[in-house]
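A quick write-up on the structure given underneath.
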Amino acid sequence: MSMNLRIKIIVAITLLCAAAGCGVGHGPVKEHVPAAKSGDSQRVIKEVIPDVWRIGGTSWGSKDFATLSAKGDSNVYLIQLKNGLILVDCATIKSMPIIEDNIRLAGFEPDQISEMLLPHSHADHTEAARAWRKRYGLRTHLSEVGAIFMDRDDSSLLGFVGGDYPLKYAPFVVDHRVRDGEVFGVAGTEVAATYVPGHTMDSTLFTLELNGQIIGVSGDFVFGPAEWNKGGGGIGAMRTLWKASLRDYRDSLKNVLQMEIDVLLPGHGRIIAGRENVRKELTTALATIENLIATEKIYIFGMHKPQLKRWMKANGFDD
Ligand SMILES: [Zn+2]
């Protein structure tokens with residue numbers, strides 16, 4: 001099998017990260033425990049660091065990391081900036097009422113939110129963006145790359161994977177098409193954008209200063225810690241469907257390792273707090289990528305073995 005063909009195989013890595021502090025050393029953490037609703041487990045809305053609340057997302061199997069919204073959702077964060085509230089990602093449409101509720105549990109109203117940062121366009125992060133924008137007039141910020149795909153009505157970057165990921169294609173207006181290296185204002189705070197292609201072509205790291213710390217909004221670039229990868233170095237699932245690239249990923253990680261980031265807010269898993277912990281996760285993720293490039297190891301994700309064998313046969317691969 002040629003390298004090209006190998007790279008064309010659906011590749012996925014679902015390694016998640018080792019335990020790092022969650023809101024460690026940054027003052028008191030407020031917790032709001034809502035009454036359980038029918039069918040819901042009890043939800044706990046945490047201020048994970050001062051002025052940042054995790055208001056949506058699933059546990060991804062971690063026992064001590066709360067499921068706050070519908071199955072399959074990315075993390076959703078609410079951030080209080082100088083001149084207003086912003087959302088980071090908004091997850092799926094069916095979670096919208098739950099997330100609205102979670103915002104209230106954090107002590108705010110959804111109509112106080114003015115902007116939404118979207119580190120990439122995968123649907124588990126953005127399916128509800130259209131609805132949020134329509135109901136609350138949020139200004140959306142997404143990579144120009146993602147916006148171009150949406151202009152073309154091309155849903156490949158949204159991350160649909162046949163029947164195992166039954167989300168709807170809900171293109172939304174990108175109010176601000178973010179460029180690499182751009183610095184722009186969001187609710188009175190400067191936000192810097194760094195393109196970090198690899199997981200997807202439109203992956204973007206947003207950095208901003210909050211209470212004296214540099215916060216990185218990282219989407220699926222590096223995942224937070226979870227039960228099933230205590231060694232750390234979690235990276236986003238990679239599929240040719242959404243134009244993943246190991247080599248781009250390597251370059252992006254090297255680039256971000258030059259930056260000073262105190263806290264990462266990942267799209268899945270726990271937050272990564274502390275400059276050394278951030279560096280460790282990035283370094284371990286880079287080692288994962290280097291290893292994949294060096295060994296041509298292929299990790300298959302999202303297909304059961306018989307299904308995979310049929311797919312390989314149909315696509316001309318030998319066993
Ligand atoms: Zn993703």
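Within region 94-111, the residues that satisfy the criterion of being crowded, with 16+ Cβ neighbours inside 10 Å and closer than 21 Å to I49 by Cβ are I99, N102, I103, L105, A106, F108. Taking the numbered list (1) within 12 Å of the chain's Cα centre (by Cα); (2) in a strand (DSSP E or B) in turn, V222 passes all entries but (2).
A search for C-beta distances below 8 Å between a residue of region 230-254 that is within 16 Å of G146 (Cα to Cα) and more than 10 Å from the ligand (Cβ to nearest atom) and any residue that is modelled with pLDDT of 85 or more and β-branched (V, I, T), counting only pairs 6+ apart in sequence or on different chains, returns K243/T200.
In region 245-260, the condition of being assigned to a strand (DSSP E or B) and surrounded by fewer than 17 Cβ atoms within 10 Å (Cβ to Cβ) is met by no residue.
The values are calculated or read from the model by the stated rules, or taken from the named source; none is laboratory data. Remember, it's a predicted structure, so these values are computed and weren't measured experimentally. Note that each Cβ is placed from the backbone with ideal geometry, even for glycine, and that neighbours are counted across all protein chains shown.
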